[in-house]
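Asker: This is the structure, below, for whatever I ask next.
The values are calculated or read from the model by the stated rules, or taken from the named source; none is laboratory data. It should be emphasised that the depicted structure is a prediction, and the values quoted were computed from it without experimental measurement. We place every Cβ from the backbone using ideal geometry, glycine too, and count neighbours over all the protein chains shown.
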Amino acid sequence: MSRAEKKLRYPESSVFYRNLNRVYPKISHGEGVWLFDDAGKRYLDACSGAFVANIGHGVPEIAKAVSEQLEKVAYVNGTAFTTESAEELAAQLAKLSLRGLDKFYFLSSGSEAVEAALKLSRHYWVEKNRPQKHKIISQSPGYHGNTLLAMSASARGHYKKIYQPWLLDCAMVPAPYAYRCDCGGNLSCRVCSGTILEEIILKEGADTVAAFIMEPVGGSSTGASVPRADYLRNVREICDRHDVLLIADEVLTGAGRTGKWLATEHYGVLPDIMTLGKGISGGYLPLSAVVAGEKILDPIAKGYGSFLHAQTFSHAPSICSAGLAAIRYIQKHGLIERAAKMGDLLQKKLEALKELPFVGDVRGIGMLAGVEFVSDVKTKEPFPRRLKFAETFTSIAQDLGLIVWPNVGQADGENAADRPGRSTAGLGRGDLVMIAPPFTIAEFEIDLIVSFFKEALEKTASKITVTGEIK
């Protein structure tokens, strides 16, 4: 290991890294879909970082807009002032949003937005004189963040196990996950249709349930699993029937990722509360938002007068300026339309991966795709977890110059999609990687993703010994 490498890992560096057992390349700059490290190696960012860099890296217009805002004022107290960047960002987002969802509470991360959205649902019911409505129902597999309430609503057993004593016990419904559903496409399937939600609401007691939070299209937890056309409509009707708020977590799927500004638009359904994040600033500054309408906010305005929630950097002009510049860039260059067009091309070209060994399924919509690995394509048998297949593939891909996003544990175990009820913890089997490049990607760069992917999978496969272990 070189002296330089030793400085870029724990404990040699003073950085508290997200992984304490690996060496990190140091990125010097980015351009379009490419990242470059200080040794001159380039990486094709096929997952937009963490589904964030929708408009690509190194866009000077965004840096200029943020710089101009910082020269004016970087921070104000959100309880005392508003700013032009916050007002204009909200106005622009309102034009893009669903009708009736036009009020935006700006924060700094998806986890913060989900935490606030869940708290907002509770505050709403208290103001409506129904304080007994406090329970949250969510999906399994599913992910909504790492703050304690957001983690409680997530079905990530390996995340939750250590912190379980601090978490709420949230009811779970199986997420729509067609590849692993036993229904074989049966239209009456309670899971794929979403009608199983009603069973869970009645089991919990409708008078106690505040909200159902869900991803309109599956994120990394189900590998971009796309629900049936009637799924969101059915859960909307069930929520209405039992006075349960519907929260759409669009942190990952929003901002054009699926070929429309919001994934919910594909289904013609209006949530009560929504969350945005990741791509709304293109990653140029941390930005997220809770979105609601007057239906939710009027009772609070007439009651307590303000939402009982606060974050130091909420509504900060610096982060709002990045979001405003990113949205203007998206509109100027027609990037939502481009995401739809290039998304069709991406999905078509990724179909070739289905012919590769260990690829069980390739699925997705727009610029969001998941590739699920299995040990047996016919039976869909997952790899043993000890092999860490997805992690090994991801590491090899990065060495080759391709960045993808791995996820594990979605196929079985406590995280499984076929176990209605309560998720308590435990890391199940299942390996997949996500592909979600910036919307600015060119066709030849999509071809490079496919080429890099094939080479990385070949190298990963060669590491599996005859005894089924990774070399």
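Asker: Tell me the residue from ALA339, ALA326, ALA390 that is at pLDDT 95 or above, crowded, with 21+ Cβ neighbours inside 10 Å and under 30 Å from ALA80 (Cα atoms), please.
Answerer: When all the criteria are applied, what remains is ALA326.
Asker: Further question: Condition first: at positive phi and not hydrophobic (A, V, I, L, M, F, W, C). Now tell me which residues in region 184-230 satisfy that.
Answerer: GLY184, GLY185, GLY194, GLY205, GLY223 - these are the residues of region 184-230 that are at positive phi and not hydrophobic (A, V, I, L, M, F, W, C).
Asker: May I ask you to list the residues in region 139-165 that are buried (at least 20 other Cβ atoms within 10 Å of the Cβ) and over 17 Å from THR222 (Cα atoms)?
Answerer: Across region 139-165, the qualifying residues are LEU149, ALA150, SER152, LYS160.
Asker: So which residues in region 183-230 are in contact with a Cys (Cβ under 8 Å, 6 or more places away or on another chain), in contact (Cβ under 8 Å) with a residue 24 or more places away in the chain and in a loop (DSSP other than H, G, I, E, B)?
Answerer: Matches in region 183-230: PRO227, ARG228.
Asker: Considering GLY279, GLY254, GLY268, GLY259, which residue is farther than 30 Å from VAL126 by Cβ, assigned by TED's automatic domain parsing to the domain that holds CYS320 and crowded, with 24+ Cβ neighbours inside 10 Å? Give the steps one after another, and end with the answer.
Answerer: On the way: GLY254 fails: farther than 30 Å from VAL126 by Cβ; GLY268 fails: crowded, with 24+ Cβ neighbours inside 10 Å; GLY259 fails: crowded, with 24+ Cβ neighbours inside 10 Å.
Exactly one residue qualifies, and that residue is GLY279.
Asker: Considering only region 160-167, I want to know if a residue exists there that is outside any helix (DSSP H, G or I) and not aromatic (Phe, Trp, Tyr). Before the answer, list the steps.
Answerer: First, pick out the residues of region 160-167 that are outside any helix (DSSP H, G or I): 167.
Still in the running and not aromatic (Phe, Trp, Tyr): 167.
Scanning region 160-167 turns up at least one residue that is outside any helix (DSSP H, G or I) and not aromatic (Phe, Trp, Tyr).
Asker: Using beta carbons and a limit of 7 Å, which pairs, at least six apart or on different chains, have the first residue in region 23-49 and under 20 Å from TYR329 (Cα atoms) and the second one basic (Lys, Arg) and assigned to a strand (DSSP E or B)?
Answerer: TRP34/ARG42
Asker: May I ask you to verify whether GLN347 is in the same structural domain as GLY49 (by TED's automatic domain parsing), of a type in the set (S, T, N, Q) and either under 20 Å from ALA113 (Cβ atoms) or in contact with a strand residue (DSSP E or B) (Cβ under 9 Å, 6 or more places away or on another chain) (or both)?
Answerer: yes
Asker: Of all residues in region 418-457, which are surrounded by fewer than 16 Cβ atoms within 10 Å (Cβ to Cβ) and either modelled with pLDDT under 90 or under 22 Å from the mean Cα position of the chain (by Cα) (or both)?
Answerer: ASP418, GLY421, ARG422, THR424, GLY426
Asker: Take the residues in region 49-102 that are assigned to a loop (DSSP other than H, G, I, E, B) and among the polar types (S, T, N, Q); name whichever of them is nearest to ASP249 (Cα to Cα).
Answerer: Within region 49-102, the match that is nearest to ASP249 (Cα to Cα) is SER97.
Asker: I need the full set of residues from region 354-400 which are touching a Ser or Thr at 6+ places or on another chain (Cβ under 8 Å) and within 25 Å of GLY259 (Cα to Cα), in order please.
Answerer: Once the filter is applied, which keeps residues that are touching a Ser or Thr at 6+ places or on another chain (Cβ under 8 Å) and within 25 Å of GLY259 (Cα to Cα), region 354-400 yields ARG363, ILE365, GLY366, MET367, LEU368, GLY370.
Asker: Filter region 111-150 for residues that are in a helix (DSSP H, G or I) and within 15 Å of the chain's Cα centre (by Cα) and give the result.
Answerer: SER111, GLU112, ALA113, VAL114, GLU115, ALA150, listed by residue number.
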